[in-house]
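Each value in this text was obtained by applying a stated rule to the coordinates, not by laboratory testing. Everything quoted here is computed from the prediction, not taken from an experiment. Note: ideal-geometry Cβ built from the backbone for every residue, glycine included; neighbour counts use all protein chains shown.
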Amino acid sequence: MAVEFKQATLANGLDVVAEVDPSAHTAAIGFFVKTGARDEDPAVMGVSHFLEHMMFKGTDTRSAEQVDKDFDDIGADHNAYTSGEMTAFWAHALPEHLPRTEEILSDILRPALREKDFDDEKSVILEEIAMYEDQPFWVLFERVMEAYFRTHPMAHRVLGTRDTIESMQCRQMQAYFAQRYAPDNTVVAMAGGLDFDAMTQHIEQHCGHWEPTQPTRKYDAIKLDDDDLTIRSAKVNRHYCIMLSPAPAQQDDDRYAAAILAQILGDAEGSRLYWALVETGLAEEVRAEYDGHDRVGQFVVYFVCDPDEAEKVQRITCEQIETLSDAITEDDLVRVRSKIATSVTLHGELPAGRMQRLGRLWTYAGEYRSLEEELRRIDAVTLDDLQAVYREYPFLPRVTGRMGPESAAG
């Protein structure tokens, strides 16, 4: 039997969506909350990610240890993540354990948020921030995002800062949770071998009493200009460079052409930047990526090289960007289109991958698009489409950030 899409909305606004596959030997479920760093006040930056940790610290009926034990007892693979605009909690298990999996997830989505757990976990968050501060690329990326988005909340750091985490109070987290983690701001996505009607009843039993709050998201205008920043650090001996520029939003159909365009420019293998910089030994790593978000998107181009080659590598990178539209061939398009289609298909072979795709798609756009339709849209991209996207988004204006050793010139 073919995969069948199902959808229901509870009375409190909670959306339930699923791709039911009777032939699947596993099933997956995830709660996708439309909230992240961009929805936080600057004073509590990092609260969404902090809350992700707190979800596993226990509920009114479960201790933190019991949460882990209950997942282990049914052999469920589970995890969570926080981004700039979404927080997700998911699990992948055998079909017969899906109702139990849903009950555990729905329970931890209503955490106790105890003051002692908050104080204990704060030190864990600060350690995580310290760990990322030792990663040059991450440090530079955060700085470039801040320069690119400026006062727009997309500039917010997902982990927060030392200052915002240290000063955050448990009551502030509780207030943020009460407003943002509402049923009318949440999507439950499922995929695999499951009974949709029965699972919807389970979800209603455990989540139907959640109170809606009508949370909203701000879509402030973004003022973009060329900008440049340089960081010197005693911790690095390589040169790092990141360039950000506008691209289609996640809801824009041009995102398919944008993704292909970015891979032709800077895929890890066989791209124009790869042949110009990695294969020639000028750079040890170079990539170009399309990064789509809610009503905004960006191209990310980055490279790592010897500080002595930095100027030359950046010049070649800019030349490859500037000549990209005229240089693209039909062979480039066919090769990259096939590679993306393969990646999308592989990711969708397991229910966990289908669930993640479905949850993100419904959260971003509130619409369903089958894997087959997604593949058709990728296959339909033409050279004219690529050139049209390049004309509208010519990797300009551009914010360029560099990080190098303190001894480097310039």
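Between Ala27, Ala283, Ala262, the residue with the greatest mean-square fluctuation in the GNM of the chain (Cα pairs under 10 Å linked by springs) is Ala283.
Two decimals is fine: what is log10 I(q)/I(0) at q = 0.18, 0.27 Å⁻¹ for the range 103-150, from a Debye sum with one equal scatterer on every Cα and no solvent? The Debye formula, applied to the Cα set alone, gives -0.76, -0.91. Fewest-first ordering of Leu261, Leu361, Leu159 by other beta carbons within 10 Å of each residue's beta carbon gives Leu361, Leu159, Leu261. Across the alpha-carbon set of the range 355-410, the Rg to Rh ratio works out to 1.24, Rh being the Kirkwood radius.
Sorting Leu358, Leu14, Leu94 from the fewest to the most surrounding beta carbons within 10 angstrom yields Leu94, Leu14, Leu358. Note on the range 262-322: Kirkwood radius taken over Cα pairs, Stokes-Einstein applied at 4 °C and 1.567 mPa s, translational D equal to 110 µm² s⁻¹. Cross-link partners for Lys57 among the lysines, with Cα-Cα distance under 26 Å and sequence neighbours closer than 8 places in the same chain left out: Lys34, Lys69, Lys116, Lys122.
Both radii are taken from the alpha-carbon atoms of the range 177-221; with Rh as the Kirkwood radius, Rg/Rh is 1.11.
In order along the range 198-207, the Karplus-derived 3J(HN,Hα) couplings, from 6.51 cos²θ - 1.76 cosθ + 1.60 at θ = phi - 60°, round to 5, 5, 4, 5, 4, 4, 5, 4, 8, 10 Hz, and Gly and Pro are given as x.
Over the range 26-94, the Kirkwood radius and the radius of gyration, each from Cα atoms, give a ratio Rg/Rh of 1.04.
When the P(r) is computed for the chain, the part past 36 Å accounts for 31% of the Cα-Cα pairs.
Taking other residues whose beta carbon is less than 15 angstrom from the beta carbon of Pro42, and scoring Lys, Arg as +1 and Asp, Glu as -1, yields -3. Taking each DSSP H run with n ≥ 4 as -39500 (n - 2.57) and averaging over every residue of the chain yields -13000 deg cm²/dmol at 222 nm. For Ile104, Ile129, Ile29, the sequence from fewest to most other C-beta atoms within 10 Å is Ile129, Ile104, Ile29. About its Cα centre, the dipole of the chain is roughly 660 debye, where the only charges are +1 on Lys and Arg Cβ and -1 on Asp and Glu Cβ. Farthest toward the positive end of the dipole of the chain, out of Tyr148, Gln250, Gly297, is the Cα of Tyr148, where the dipole comes from beta carbon charges about the Cα centre. Near Lys218, once Lys and Arg are set to +1 and Asp and Glu to -1 for all other residues with Cβ below 12 Å from its Cβ, the sum equals -3.
Along its first, second and third principal axes, ordered by size, the range 1-136 spans 50, 37, 31 Å in Cα coordinates. The range 318-381 and the range 90-133 have Cα centres separated by 31 Å. With unit charges on the beta carbons (Lys and Arg positive, Asp and Glu negative) and the dipole taken about the Cα centre of the range 227-405, which residue among Gly281, Gly359, Thr382 sits farthest to the positive side? My answer, from the dipole projection, is Gly359. Over the range 227-405, the pair-distance histogram of Cα-Cα distances with 5 Å bins from zero comes to 1, 8, 16, 19, 18, 15, 11, 8, 4, 1, 0 percent, rounded to whole numbers. Determine the shape class of the range 294-395: with a ≥ b ≥ c the square roots of the Cα gyration tensor eigenvalues, call it rounded for a/c under 1.5, and otherwise prolate if a/b is greater than b/c, oblate otherwise. Prolate, because a/c is 1.5 or more and a/b exceeds b/c. Of the residues Gly30, Ser338, Gly84, the one whose Cα sits farthest toward the positive end of the charge dipole of the chain, with +1 on the Cβ of Lys and Arg and -1 on the Cβ of Asp and Glu, is Gly84. When every Cα-Cα distance of the range 79-207 is counted in 10 angstrom steps from zero, the calculated P(r) takes the values 9, 32, 30, 21, 7 percent. Across the range 120-125, computed HN-Hα scalar couplings (Karplus, 6.51 cos²θ - 1.76 cosθ + 1.60, θ = phi - 60°) run 5, 6, 4, 5, 5, 5 Hz from first to last residue, x flagging Gly and Pro.
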